[in-house]
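Below is one structure, written out as structure tokens; the observations come after it.
A short reminder: the numbers here are calculations on the coordinates, not readings from a lab. In this text, all values refer to a predicted model and were calculated from it rather than measured experimentally. Neighbour counts run over all protein chains shown; Cβ positions are idealised from the backbone, glycine included.
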Amino acid sequence: RANTTLTKLALWENRIGDGGAEHLASALAANATLTEVNVLGNDLTVEGARALVAVAEFKPNQIKSPCGIASNMIIVQEYGLGPADAVLFAFELRVNATITELDLYNNNIGAVGAQHITEALKVN
């Protein structure tokens, strides 16, 4: 039986890894009600994050946020976020025109994460 009421799912820091991301991406592709899914801090690789973003891009009128963002300010200082999390934030920047502040102070997004964020800024 399909769930028809759940709109937000928070999986923040549950170590789902890429295997869990694949299962989640499959479920998101089939689900018709989820609009926000927070998968930050889950030991994903950039490829795992891209799989989730691909589903969100495929369903642009449904999945609004893979980071669980419901505000125009994103402050995630010292969360230990990595490059995969930056891929998710980059998606947010591309599709959410209301974001006015993104504070990633003292995280571990590295050069790969910075590249994804800066590419998203070109279209934000």
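Once you list every other residue whose beta carbon is under 13 Å from the beta carbon of residue 11, what net charge do they have if Lys and Arg are +1 and Asp and Glu are -1?
On the way: positive: 8, 15; negative: 13, 36, 43, 85.
Surrounding charge for residue 11 is -2.
About its Cα centre, what dipole magnitude does the range 1-77 give when the only charges are +1 on Lys and Arg Cβ and -1 on Asp and Glu Cβ, stated in debye to the nearest 20?
Values: 6 positive and 7 negative charges, 62 e Å.
Around 300 debye, computed over the range 1-77.
For the chain, what does the relative contact order come out to in percent, with C-alpha contacts under 8 Å and a separation of six or more? Intermediate results must be reported in sequence, preceding the final value.
Working: 230 pairs, mean separation 28.8, N = 124.
Here the relative contact order equals 23 percent.
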Once you've got the GNM for the chain with C-alpha springs shorter than 10 Å, pick whichever of 45, 100, 33 has the biggest mean-square fluctuation.
100
When the label point is put 7 Å from the Cα of residue 70 along its Cα-to-beta-carbon vector, which residues of the range 19-45 have a backbone N closer than 14 Å?
34-38
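Rg to Rh for the chain: what is it, with Cα atoms only and Rh by Kirkwood?
Values: Rg = 13.5 Å, Rh = 14.3 Å.
With Rh from the inverse mean 1/r over Cα pairs, Rg/Rh is 0.94.
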Where does the charge balance sit around residue 73 when Lys and Arg score +1, Asp and Glu -1, over other residues with C-beta under 15 Å from its C-beta?
-3
Trypsin sites (Lys or Arg not before Pro) in the range 12-83 lying in a DSSP loop, each with at most 10 other Cβ atoms within 10 Å of its Cβ, come to 15
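Given the DSSP H assignment, sum -39500 (n - 2.57) over each helix run of at least 4 residues in the chain and divide by its residue total; what's the result at 222 nm in deg cm²/dmol, nearest 500?
Working: 4 runs with 52 residues, N = 124.
Result for the chain: -13500 deg cm²/dmol, rounded to the nearest 500.
Give me the percent relative contact order of the range 58-124, please, defined on Cα pairs under 8 angstrom at least 6 residues apart. Walk me through the numbers on the way to the answer.
Values: 89 pairs, mean separation 27.3, N = 67.
The normalised contact order for the range 58-124 reaches 41 percent.
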Suppose R0 equals 22 Å. What FRET efficiency, 1/(1 + (r/R0)^6) with r the Cβ-Cβ distance, do residue 54 and residue 78 give to the nearest 0.05?
0.15
Could you check which residue among 108, 61, 38 shows the biggest mean-square fluctuation in a GNM of the chain with a 10 Å Cα cutoff?
61
